[in-house]
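The values are calculated or read from the model by the stated rules, or taken from the named source; none is laboratory data. As the structure is a computational prediction, the values presented were derived from the model and not from experiment. Here Cβ is always computed from backbone atoms with ideal geometry, including for glycine, and neighbour counts include all displayed protein chains.
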Amino acid sequence: MSGFDCTQFQRWLEAGGAMAEGNVPAEVAHAAGCPDCAALLAAERAVAALFARVEAAPAAVAPGFADRVMARVALAPQSPVVAPALVPLPADALPWWVRVAARPEAVAAALLAGLVVLLAPQLLGFARSAPQWSGAALSAITTAVTPLLAPIGAHVGTDPLVRAGVALAFLPLAALPSYALYLLGLQLSHVRLAPGVTQGRRA
Amino acid sequence: MDDRADPDHDLVLRARGGDEAAFRELVERHQERILRLAWRVAGSRTEAEEIAQDAFVRAWQALPGFRGEARFATWMHRITTRVALDRREAVRRRERREVGVEEEVLAGLAATPEAAVEGDRITARARVALLAGLSEAQRTVVTLHYLEDRPVIEVAQAMGVPENTVKTHLSRARAAMREAFLRAEAKHRGAVR
């Protein structure tokens, strides 16, 4: 035996060893004693023979070849340029309802509406238990907000209704980070045309 | 790939804008190589000319979408091979041939070198059958390397990919062709029994 194993043989085969001029005796000796590797080597040689059988192609081009090509080219219109992906279209290129539907707010609203429909039974159950959880939530909110309001005046924190009203007044602040994210998204989605890419086509 | 590395860059830009004179220059520059490739894939001169013509017309039509990821020459090369494969499929459909890839491969291997023209045609058909089973990238490296005798480094430059990528494609392509051959042989053995 040659001391070669099947893994080494396959590695040699994958590296194109059998396609190179003259086989290495060790590999061939291994294949002689291993039917699987022998089949692989035979297949590789057969394929190589198929590609090696390519005769020298004629060097000269038939006279008038370019004329014949150009005659067909004259009748063949060029395909229109496909607008590169992510390149924004002009604002008036689409109907208003498409533009509205494509806005992030509309997509978010559609997603929200979908969730509401999907989770309707759970939401209804949640609403029915509102009296229990609202009391707990109100208490949690006021506990969290009261220290913040302490400098405004101790008298504000005494009436639970006033405390709840003040807490609710702070809720819109939560929308600010979302709006900032939306603005950032707008900046990032501003795509420029790559240099050399034009929307033009031949006249 | 950097567009400026392509010697055809300026002509391609003009041809993309619909300049037929620029495209004619591209045809004249590449006609010999494309015809030779078509001849090697198809195995007959008449068919090679038709393939080459179709390839240039298809390139003209598709030029506005050509972004220069590879050189124009490599792109033409891909189109030519694709046209040859499409013609093979069209012929098979027209003739309603039930001959499978395996039979074509075996017939090609059995064709003797003495059977000059017909032998060339049969081996070409077998080559095309094997190439049809490869991915676009594998087909490109196989035709550039084995049919155009270009070294790996040149293939890599032409495709705008690292040498190791070319080697990987070649290795996988050979494995796929070996498998096709072994399948053909197994089917043949089954049929003989």
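Select from segment B:10-48 the residues that are within 14 Å of the chain's Cα centre (by Cα), of a type in the set (D, E, K, R) and facing chain A (nearest Cβ under 9 Å) and list them in ascending order.
B:R36, B:R40 - these are the residues of segment B:10-48 that are within 14 Å of the chain's Cα centre (by Cα), of a type in the set (D, E, K, R) and facing chain A (nearest Cβ under 9 Å).
Taking the condition in contact with an Asp or Glu (Cβ under 8 Å, 6 or more places away or on another chain) and more than 25 Å from A:P35 (Cβ to Cβ), does B:A156 pass?
Yes; evaluated as a whole, the condition is true for this residue.
Which condition breaks for B:L134 when tested against (1) at pLDDT 80 or above; (2) under 25 Å from A:G16 (Cα atoms); (3) in a helix (DSSP H, G or I); (4) out of contact with any Leu (no Cβ under 8 Å at 6 or more places or on another chain)?
So B:L134 meets the others, but not (3).
Can you work out which of the residues in segment B:55-78 that are touching an Asp or Glu at 6+ places or on another chain (Cβ under 9 Å) and within 17 Å of B:V128 (Cα to Cα) is surrounded by the fewest Cβ atoms within 10 Å (Cβ to Cβ)?
Applying the filter and picking the extreme gives B:R78.
Keeping to segment B:158-184, report how many residues are farther than 16 Å from A:V47 by Cα and either of a type in the set (D, E, K, R) or in contact (Cβ under 8 Å) with a residue 40 or more places away in the chain (or both).
5
If you check every pair at least six apart or on different chains, which have Cβ atoms under 7 Å apart with a residue in segment A:46-74 that is within 17 Å of B:A48 (Cβ to Cβ) and facing another protein chain (nearest Cβ under 8 Å) first and a residue that is part of a loop (DSSP other than H, G, I, E, B) and modelled with pLDDT under 90 second?
Cβ pairs passing all conditions: A:R53/B:P113.
Is it true that some residue in segment B:60-68 is modelled with pLDDT under 90 and aromatic (F, W, Y)?
For segment B:60-68, residues modelled with pLDDT under 90 and aromatic (F, W, Y): present.
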